[in-house]
Structures are given as C-alpha cells and as structure tokens.
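Here is the structure we will look at.
The values are calculated or read from the model by the stated rules, or taken from the named source; none is laboratory data. Just so it is clear, the structure is predicted and the values come from calculations on it, not from any experiment. Don't worry about glycine lacking a Cβ; one is built from the backbone with ideal geometry, like all the others, and counts go over all protein chains shown. For the accessible areas, the whole protein counts, side chains as well, though only heavy atoms, and no ligand, DNA or RNA atoms are used. Shrake-Rupley method; radii C 1.70, N 1.55, O 1.52, S 1.80 Å.
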Amino acid sequence: GVGPDDASPDEGVVEDLPLIDERAVEQLTKGLISHYLPDLQRSKSALQELTQNQVVLLETLEQEISKFKECNSILDINALFSEAKHYHNKLVNIRNEMMMLHEKTSKLKVSGINV
C-alpha cells in the first residue's frame, strides 16, 4: 500500500500559503514605485533634454547646409561671370578685327581696287 513516505511533495502546499494581505501588497507596490520612480523621472527629463538638443542640432545643421548651398550657387555665379567676361573679350577682338578689315577694304577701294 501507500505509506506516509509515498505522499506527493506538493500535497498540502495550498493550505500552507498564508492569505495575501492586500494592504501589504499595496505598501510593497508603493515602496517599489517610490524606489524606482525618481530615477525614471530623471531619465525621462534627461531624454527630453537630449531630444530638444537634437532638434536644435538638426536645425543648426540645416542652416549650415543652406549656407553651403548658397556658397555653391555663388561659385556658380562667379564661374558664369568669368565665362561671360571671356566671351565679351572674344566679341571685342572680333569687332576689332572687323574694324581693321573694314579699314583695309576701304583703303583698297580708295586705291582703286574693287573688293
């Protein structure tokens, strides 16, 4: 048969558990919260400050990027002006050559040679 040594180890455990005191649970919960809450609140404010700093940093970076874009457009404008100056010089040279050729042809006409 079954002797006292053959009883299940879990037998009678439910009866051995003390009744859970609701006030004790509430006080333990409050104690746990009061222990961790200040650290969590400090972490929350630190994260908020970090987020605000990141927003400021992003805005600053965007401003710097727009400055670089302006610099590039100024460089493009400078290149355009130097190119315009180059072509203006070419036009001045062509005009001078045309005036010189006109003078030569006029002299030739005066000399009696039809051109």
Whole-Hz Karplus ³J(HN,Hα) for segment 21-31, in order, using 6.51 cos²θ - 1.76 cosθ + 1.60 and θ = phi - 60°, x for Gly and Pro?
8, 4, 5, 5, 4, 5, 5, 5, 4, 4, x
1/(1 + (r/R0)^6) with r = Cβ-Cβ of ASN96 and LYS69, R0 = 35 Å, i.e. FRET efficiency to nearest 0.05, evaluates to 0.30
Using the Karplus equation 6.51 cos²θ - 1.76 cosθ + 1.60 (θ = phi - 60°), what ³J(HN,Hα) coupling, rounded to whole Hz, does each residue of segment 48-58 give in order, writing x for Gly and Pro?
5, 5, 4, 4, 4, 5, 5, 4, 4, 4, 4
Would you calculate the separation in nanometres between label points at SER34 and LEU50, each defined as 7 Å from the Cα along the Cα-to-beta-carbon direction?
2.9
Rounded accessible area of TYR87 (nearest 10 Å², 1.4 Å probe):
120
Residue (of MET99, ALA84, CYS71) at the positive-pole extreme of segment 32-113, dipole from beta-carbon charges
MET99
